[in-house]
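Scroll down for the structure; my scribbles are underneath it.
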Amino acid sequence: GIEFIDSYVFNKAEYIRFNSTVGRYVGYTELGVKNAEAWNKGPQLGQEQGELERFCKRNADLDYRAILDKT
């Protein structure tokens with residue numbers, strides 16, 4: 001399967017992450033937890049899930065075919 005991770009980092013510390021395997025945002029700091037709660041209820045969640053379909057899955061198929069062509 002494909003796993004899409006979108007991390008948000010501030011001052012070299014990850015504070016929130018979208019993980020397609022989990023299917024939602026997860027916060028790692030106090031601010032990240034608050035943002036994750038809000039983003040999981042808002043349009044951001046659908047946008048991240050759309051990126052998985054639009055970008056990751058399509059490109060994974062292309063990359064996989066390119067690998068097979070070289071073997």
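Some notes on this structure:
- Per-residue HN-Hα couplings for region 2-19 [Karplus 6.51, -1.76, 1.60; θ = phi - 60°; Hz; x = Gly/Pro]: 10, 10, 10, 10, 10, 9, 10, 10, 9, 6, 6, 10, 6, 10, 7, 8, 9, 10
- Ignoring aspartates and glutamates fewer than eight residues from K57 along the same chain, the ones with Cα atoms less than 16 angstrom from its Cα are E3, D6, E48.
- Between C56 and E37, the simple spin-label model (points 7 angstrom out along Cα→Cβ) gives 2.6 nm.
- Counting protein heavy atoms only, the chain has 54 percent of its accessible area on carbon and sulfur, 1.4 angstrom probe.
- Heavy atoms of F55 accessible to a 1.4 Å probe, total area in Å² rounded to 10: 110
- Spatially proximal aspartates and glutamates relative to K70 (Cα-Cα < 17 Å; intrachain offsets below 8 disregarded): D61
- Rounded accessible area per residue of the chain, 1.4 Å, Å²: 75
- Amide H to amide H distances under 5 Å link F4 with S20, T21, where only residues 5 or more positions off or on other chains count and H is placed in the peptide plane.
- Cβ-based net charge around T29, under 12 Å, with every Lys or Arg adding one and every Asp or Glu removing one: 0
- Reach of K34 by Cα under 25 Å, taken over lysines that are not fewer than 8 positions away in the same chain: K12
- Sequence-distant residues sharing a close amide H with I16 (under 5 Å, placed H): Y8, Y28
- Our summary gives the chain a relative contact order of 22 percent, counting only alpha carbon pairs under 8 angstrom and 6 or more residues apart.
- Residue-averaged [θ]222 nm for the chain, counting only DSSP H segments that reach four residues, each worth -39500 (n - 2.57): -14500 deg cm²/dmol
The values are calculated or read from the model by the stated rules, or taken from the named source; none is laboratory data. Computed from a predicted structure; not experimentally measured. Note that we place each Cβ from the backbone using ideal geometry, even for glycine, and neighbour counts take in every protein chain shown. Side chains included, ligands, DNA and RNA excluded: accessible areas come from the protein's heavy atoms. Shrake-Rupley method; radii C 1.70, N 1.55, O 1.52, S 1.80 Å.
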